[in-house]
Every structure is written in structure tokens, then in C-alpha cells.
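Q: Questions regarding the structure given below will be posed in turn.
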Amino acid sequence: MELSKEEVTRLRRLDPAGVHAALIASGAMSVDDPLPKRVGDLRPSENSIDAVKFARKCEYHEAIAWLHETFRDDQTHERNVGIRQVERELFESEVVINKLVKRQMDALGCSEARITLMFKEADEAAQKGADVEIVPESDLSSASSDTSESPAKRKGKFGYLIGKRTENGEKTEKFFNTRDIQNCVGMLRQRNGEGMNVLMTPMDRHCFYVMLDDARNRRGDTESESPVQSWIKAGYKPCLALQTSWESRQIIFRIPKEPFRIIGKTGNDDSCFDRHGLHDYFQKINRECGDDRISGLRHGIRLAGYRNMKPKHERVVEGKAWSLEYPFVKIEHAESTFCSKTMRDALKMCREDVVGRADLDASRQEAARKHVAGLKNGEATQSQKLPPRYAPPLKPQTALGRAAAEFDRRDRERPEQNREHSKCR
């Protein structure tokens, strides 16, 4: 297959988490398999072509053919801001920050993120519904800084959302890829120094991110040295863990989207997935082991390399030219991986008619999918259709429950056949 140079460039820039999820769906990888940073000359966690060559054990041309077929309609690159590279030579500190940014983006596996500059007094736990001033990135240098307006006037405001713009009378939003964020390092450092916090929100095109904020050790674990090790010890696989202040940490778990798809729904908008059940799980783990005030599944994550400027974290420093010190956001753990345990735990809180309900065995899952497909095609009466919200697992008042009950009844009516089947196993 001969592809244009532009098409190969597009494929190379695909969302790494999306490629990872597609490889899992194709059977080339297990959901528990991470994408390594480097294998020989390959860099799977940051290059989609290398990821396919690694997972499918194939050559270059077969890899791009598979990507072209699988992601034919993906236009992620068109949503990138496209910040030009800084012409001056970067300071040594900026080089270090950019290395941390790349490591964070590779671990999350997102090719695009929303960047928000947050006022130091703002409460990120309540960012959902907060007043965010939209400032195009080209105008940010002339926007009012954090110190030009009193905290009293800023009450209820969250900060600046950069990347939104108006084109032909319509509001659109552009997102930042790794290179865009790195090319903004000078401006972001300046704003951070003026007292603003730098947050990035990964765009969940192909996966969900479940964040544990102000993370604590798992319940009953008093031995682990840190919350990160406590969760890893319990069988969870975080893709990213950050030390966000002197004592606080954020732990992020990445899970594929497809298991949360509502059967019969096509497309990629929020209504096609049971985000409500996943959100309930997100709030549950934060109530138990994190920040119980947190809201909003799609949540901002602090950007490594920049300081946490919240007033409660300031420390008085003696003997230095400046009197106050704020903690840097540090990376404690980074691995391009999905967490199957988080996925399974979250699915238990989801409605029955999602693709990956973990409490249904494989045969009943497949039968249930066919049954719901029949409902969609009008093969059942309106009264038999699934309720739009939650249904207790396998209860006969739902379509899936009736399907499961019917399968169980048939099994009970064929005892001899079942016994023979048991002997074969």
C-alpha cells in the first residue's frame, strides 16, 4: 500500500492511547500489557507506528496499512493548536520541564490536552461549573495577569482557558499536543511565576482517565511507604502518579472506552458510553481514599515541572533572595498502561447494557448483545426495551435480566447435556 507523506505523518501522530486500545481490541495485546518506552530501536509509547510494529510483530508497511485501515477517519491532528517553536535557545530549567512534560504526556497516552491557567486561590476540586475566562493562546501575553486583579474580584473565577477561539462566527477549541505545550514553556513559566497554576486535561477520545486526588493509602494498608505503592500493591496499575505538593499526590488510572459503550450505540460522543456509572466509581474511590469534594470525571491534572502556587502550600524561606517557596509538581510513577482492575471495579457500578459488564460470563455477554441488538431492530415490543438508567444485575425485570434468566432456565432443563459438558471439561 502506497500512502502519501502527509498520511504517514498523520498516522505517526495518532493518539497513542487510542492505538493501544485498538491493539487490545484486535487481540494483539492484553489489557494488562503496557506499551514500553523503548524496545530496541522502537519507541512504542510515543510513536503509533512503533507501537503497532511492537504489538503485531510486523514490518513498517504492514503497520501503516493497519493504522490506515483502523484510523481512516481520525482527524485528531486538525484539533491541535500548532504553537510555533521558540526561536531563542531554551534555558536549562526549561529543557528539564519539557522532558517532564513529554514523560507525563507519554504516560497518559493522549495526543491532545486542554491547558488551563488557574488562579492560585481557586479550588480545583470544585472546578466543574467554575467561571473560566476564555483567552486565545495568541492573546494570552496581553491578558490580565494573576497579580493585576484582587482576590476579592476574582471570587468564583477559576482562571484562563486557552485554546478556544471564534472562527467564522462559531466558537471552536484547539488542543495542545506535546510539542505545543513544550513550545509554550516560556509563557507558562512566566504565568506560573506570577502565581498561576498550570493544569492539563487529557481529552478522552479513546479512553477514560480516573483520577484519585489527594490520594491516600488503600483502606487497611498501613505498611506501604506511599499511596502510589499502596495502590500498586493492591493490584492497580496507574499510568501516572504525581507529587503535587509537599505531601499531596494525584494518581491517574487509564481505562479503555469500549467496555463502557452502551450496546447498540455508535459514535464517540458522551451519550454512547455510561459515563454516569464511571463517574459514580470515580467519586466513590475519592470519598474513600482521596478528596471527597471532587466533581467532574474529566478533570484537570497538574503539569509536571511547574510549581503548585496554592497559598496553603507556601513556605517561608530564610536566607534566600525570595521569602516564599512553593513546591514543584514531580513525577513519582509513569507508565503507558491501562488498568484492568480499575476497569472491572468501575464496570460493576455501570448499567447492564454496556459491552464489558464484568459480572456476565462470555456466553451470556454475547447472547445479551444479540438480544439488545434485536430490541434495537424492533424484534421486541416497546415494553420490553431496557430502561435508560441502572438495572440491578441479572434481574428479570430488564431485557438483559430476562435474557440471562432464559439461558439459565434452558440449562436447567438439559441436565444430561450439562453433565456431559462438565465431563468434557
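Quick note: the coordinates plus some simple rules give every number you see, no bench work behind them. This one's a predicted model, so the numbers in the text were calculated from it and none came from an experiment. No Cβ is skipped: glycine too gets one built from the backbone with ideal geometry, and neighbour counts run over all protein chains shown.
Q: Please list 216-228, 332-344, 54-66 highest first by mean number of surrounding beta-carbon atoms within 10 Å per residue.
A: Order by mean packing, descending: 332-344, 54-66, 216-228.
Q: Separate question: Would you mind getting me the FRET efficiency between THR266 and ASP292? Use the beta-carbon distance for r and R0 = 41 Å, nearest 0.05.
A: Efficiency at R0 = 41 Å is approximately 0.70.
Q: Let me ask another. In nm, give the distance between the simple-model label positions of LEU3 and LEU324, each being 7 Å from the Cα along the Cα-to-Cβ direction.
A: 5.0 nm
Q: Would you mind getting me the FRET efficiency between GLU366 and ALA234? Use the beta-carbon distance for r and R0 = 30 Å, nearest 0.05.
A: Rounded to the nearest 0.05, the efficiency is 0.45.
Q: Right, something else. Which far-off residues, 5 or more places away or on another chain, put their amide H under 5 Å from the one on ILE301, with H placed in the peptide plane?
A: MET200, THR201
Q: Then there's this: Provide the gained length on full extension for the span GLU89 to LYS37, in nm with one decimal, where the gain is 0.36 nm per separating residue minus the Cα-Cα distance.
A: Length difference between fully extended and current span is 16.0 nm.
Q: Using alpha carbons only, how many angstrom separate the centre of the stretch 238-317 from the centre of the stretch 14-60?
A: After rounding, the separation between the Cα centres reads 24 Å.
Q: How high is the FRET efficiency from ASN168 to ASP221, r the C-beta distance, R0 41 Å, rounded to 0.05?
A: That gives a FRET efficiency of 0.15.
Q: Figure the gain on full extension for LYS57 and GLU78 (residue separation times 0.36 nm, minus the Cα-Cα span) and round it to one decimal in nm.
A: Using 0.36 nm per residue and subtracting the Cα-Cα distance, I get 4.6 nm.
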